[in-house]
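Scroll down for the structure; my scribbles are underneath it.
The values are calculated or read from the model by the stated rules, or taken from the named source; none is laboratory data. Keep in mind that this is a model prediction, so the values were computed, not measured. Here the Cβ positions follow ideal geometry from the backbone for every residue, glycine too, while neighbour counts run over all protein chains shown.
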Amino acid sequence: MLRLSRFSFGVGDRFAHQATAQLKAFQQVLSEGVQVIPVWNKSNREHTFIGSQPASVRAAADLAIKQADWTLPWHTDADHIRLETVDRFLDSSDFFTIDVADSIGQQPSQEAISRFLKNHPELFGNLHIAGIEESIFLSGDALAQIVTKYLVAAQEAGRIYRYIANKLGEGNFIAEVSMDETDSPQTPQELLVILAALADERIALQTIAPKFTGRFNKGVDYVGDLDRFAKEFQDDLCVLAHAVERYGLPDNLKLSVHSGSDKYSIYPIIRQAVAKAQAGLHIKTAGTTWLEELIGLSESGDEGTRLVRDIYATALEQIGSLTEPYASVIDIRMSELPDLNTVEKWDGHRWANTLRHIPTHPQYNSNVRQLLHVSFKLAAKKGTRYTDLLKEHSEIIGRNVYENLYERHMKPLFLG
């Protein structure tokens, strides 16, 4: 079976220009004694917005791998695919994030619910899971409610998994199931039931992305109760270990943290919990690299600064349509978005300071950062004006991409 390594890190690259700079961060972490495997991810929605094809992700990654002489594993992730979108990714992906969030809450048949409950008597009553201080109690009614909520999603994951396996061959790809893009977080009890249902579907599950408590907004830090997140994350690790032993799921099954970029306040919590449990971790980032492109262009000179300003101006005009697809993962205070007269006076350094994710900097503005985070398709509409500047200023952009990934993400997550 194609196996995902203990530590893996998903990197988005909207315009397929930063794979070399991204890989440099992985090389640096490796030189300091920790092996973290790169996974280049891009969703069907992102390809649609930009007009790119999945093959471009693999081509950019493959070139960077060859140029850097990287000999360890690496992967390309068909991110958030569903049955109707998976086909275009089959030729270029070996990692599939099966997104079944839309199926959560759909009503299964009474026969299916009864069959699940009959097959899993071990889920009734008090459950003692190693590492969780208090026992988990599930009454018959509570268990039936969880099964009713998640069973259709698990069955849909099974259908998509088997479709991919039929095309690529069992064991020739890495399967992740994603349930993070939903309204409420899954409790450890719910996660256990979900894993039992996924095991029933015979999915060789190597990573699962639940929805955690708190806000995982795009491009900014975690918002929520850190103590609550810590307990939830630790309990989820224990549930995964229990499910591996009880249901025969792959022994490298690990948690996946989606929208994991820029969540500085929870990185120490994740690192400590993973070390204590001797568990693995997959963390997925996306638009942070695109923002580093804007930061690098801001610092590159007048032409780059003008382009960033133009993109921001259009983003203000189209803010409704740009933010609507991401409404559940952004919190933008409109009153704190500077108007065009204000930003007309900004030089490149001011733009860079506004966008770079250093919250203690007096010029940092999380609202501008979030808006531009979801405005990448505006750059795509600039065509060669944008991509030519990426090529011309690849050195300064690449430095920003590398420093962001290594200094602000990988060091606190994997090195401490």
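Of all helices (runs of 4 or more DSSP H) completely enclosed by segment 259-356, which ones contain at least 1 residues that are touching a residue at least 60 places away in the same chain (Cβ under 8 Å) and either within 24 Å of the chain's Cα centre (by Cα) or under 30 Å from D180 (Cβ atoms) (or both)?
Where helices (runs of 4 or more DSSP H) fall fully within segment 259-356 and carry at least 1 residues being touching a residue at least 60 places away in the same chain (Cβ under 8 Å) and either within 24 Å of the chain's Cα centre (by Cα) or under 30 Å from D180 (Cβ atoms) (or both), they are 267-277, 288-300, 302-317, 348-355.
Could you list, in sequence order, all residues of segment 53-93 that are in a loop (DSSP other than H, G, I, E, B) and either in contact (Cβ under 8 Å) with a residue 60 or more places away in the chain or under 18 Å from N172 (Cα atoms) (or both)?
The initial filter retains those residues of segment 53-93 that are in a loop (DSSP other than H, G, I, E, B), namely 53, 69-74, 82-85, 90-93.
Result: L72, P73, W74, R82, L83, L90, D91, S92, S93.
Select from segment 180-207 the residues that are of a type in the set (V, I, T) and over 18 Å from Q145 (Cβ atoms) and list them in ascending order. Full working, then the answer.
Step one: filter segment 180-207 for residues of a type in the set (V, I, T), giving 182, 187, 193-194, 203, 207.
Of everything in segment 180-207, those that are of a type in the set (V, I, T) and over 18 Å from Q145 (Cβ atoms) turn out to be I203, T207.
For segment 165-202, which positions are more than 18 Å from F96 (Cα to Cα), in a helix (DSSP H, G or I) and polar (S, T, N, Q)? If you could, list the steps in order and put the result at the bottom.
Initially, segment 165-202 is screened for residues more than 18 Å from F96 (Cα to Cα), giving 182-194, 196-197, 200.
Right, trim to in a helix (DSSP H, G or I) and you get 188-194, 196-197, 200.
Listed by number, the list holds a single entry, Q189.
Output the residues belonging to segment 357-396 that are part of a helix (DSSP H, G or I) and among the small types (G, A, S).
So in segment 357-396, the residues part of a helix (DSSP H, G or I) come out as 366-373, 376-381, 384-392, 394-396.
Once the filter is applied, which keeps residues that are part of a helix (DSSP H, G or I) and among the small types (G, A, S), segment 357-396 yields S366, A379, A380, S394.
Return the residues of segment 245-258 that are within 18 Å of M179 (Cα to Cα) and polar (S, T, N, Q); say none if nothing qualifies.
S256
Please enumerate the residues belonging to segment 242-254 that are crowded, with 20+ Cβ neighbours inside 10 Å, touching a residue at least 60 places away in the same chain (Cβ under 8 Å) and either in a helix (DSSP H, G or I) or not assigned by TED's automatic domain parsing to the domain that holds P210 (or both).
H242
Hydrophobic (A, V, I, L, M, F, W, C), within 25 Å of L168 (Cβ to Cβ) and touching a Ser or Thr at 6+ places or on another chain (Cβ under 9 Å): is that true of F124 in this structure?
Working: hydrophobic (A, V, I, L, M, F, W, C): yes; within 25 Å of L168 (Cβ to Cβ): no; touching a Ser or Thr at 6+ places or on another chain (Cβ under 9 Å): yes.
When the stated conditions are applied, F124 does not pass them.
List the pairs whose first member sits in segment 103-130 and is farther than 26 Å from T182 by Cα, whose second member is assigned to a loop (DSSP other than H, G, I, E, B), and whose Cβ atoms are under 6 Å apart, counting only residues at least 6 apart or on separate chains?
Partner pairs satisfying both residue conditions: N126/S135; H128/S135.
Can you find even one residue in segment 376-393 that is free of Cβ contacts under 8 Å to residues at least 12 places away in the same chain and among the hydroxyl-bearing types (S, T, Y)?
yes
Out of E190, E156, I need the residue that is touching a Ser or Thr at 6+ places or on another chain (Cβ under 9 Å) and not aliphatic (A, V, I, L, M). Which one? Let's see the steps before the verdict.
Values: E190 fails: touching a Ser or Thr at 6+ places or on another chain (Cβ under 9 Å).
Among E190, E156, only E156 is touching a Ser or Thr at 6+ places or on another chain (Cβ under 9 Å) and not aliphatic (A, V, I, L, M).
Does any residue of segment 379-398 turn out to be β-branched (V, I, T), in contact with a His (Cβ under 9 Å, 6 or more places away or on another chain), buried (at least 17 other Cβ atoms within 10 Å of the Cβ) and within 17 Å of G296 (Cα to Cα)? Lay out the reasoning, then the answer.
First pass over segment 379-398, keeping only residues β-branched (V, I, T): 384, 387, 396-397.
Next cut, in contact with a His (Cβ under 9 Å, 6 or more places away or on another chain) only: 387, 397.
Next, from what is left, pick out any that are buried (at least 17 other Cβ atoms within 10 Å of the Cβ): 397.
Within this subset, residues satisfying the condition of being within 17 Å of G296 (Cα to Cα) are 397.
Yes: segment 379-398 contains one or more residues that are β-branched (V, I, T), in contact with a His (Cβ under 9 Å, 6 or more places away or on another chain), buried (at least 17 other Cβ atoms within 10 Å of the Cβ) and within 17 Å of G296 (Cα to Cα).
Would you mind stating whether V239 is touching a strand residue (DSSP E or B) at 6+ places or on another chain (Cβ under 6 Å) and crowded, with 20+ Cβ neighbours inside 10 Å? Quick ask: steps written out before the conclusion?
Details: touching a strand residue (DSSP E or B) at 6+ places or on another chain (Cβ under 6 Å): no; crowded, with 20+ Cβ neighbours inside 10 Å: yes.
No: the conditions fail for V239.
Does segment 171-180 contain any residue that is within 26 Å of E232 (Cβ to Cβ) and of a type in the set (F, W, Y)?
Step one: list which residues in segment 171-180 are within 26 Å of E232 (Cβ to Cβ), which gives 174-180.
Of the ones still in play, those that are also of a type in the set (F, W, Y) are none.
No, the conditions are met nowhere in segment 171-180.
Just checking, does segment 171-182 include any residue being in contact with a helix residue (DSSP H, G or I) (Cβ under 6 Å, 6 or more places away or on another chain), crowded, with 17+ Cβ neighbours inside 10 Å and either free of Cβ contacts under 8 Å to residues at least 12 places away in the same chain or of a type in the set (S, T, Y) (or both)?
Yes, there is a match, as at least one residue in segment 171-182 is in contact with a helix residue (DSSP H, G or I) (Cβ under 6 Å, 6 or more places away or on another chain), crowded, with 17+ Cβ neighbours inside 10 Å and either free of Cβ contacts under 8 Å to residues at least 12 places away in the same chain or of a type in the set (S, T, Y) (or both).
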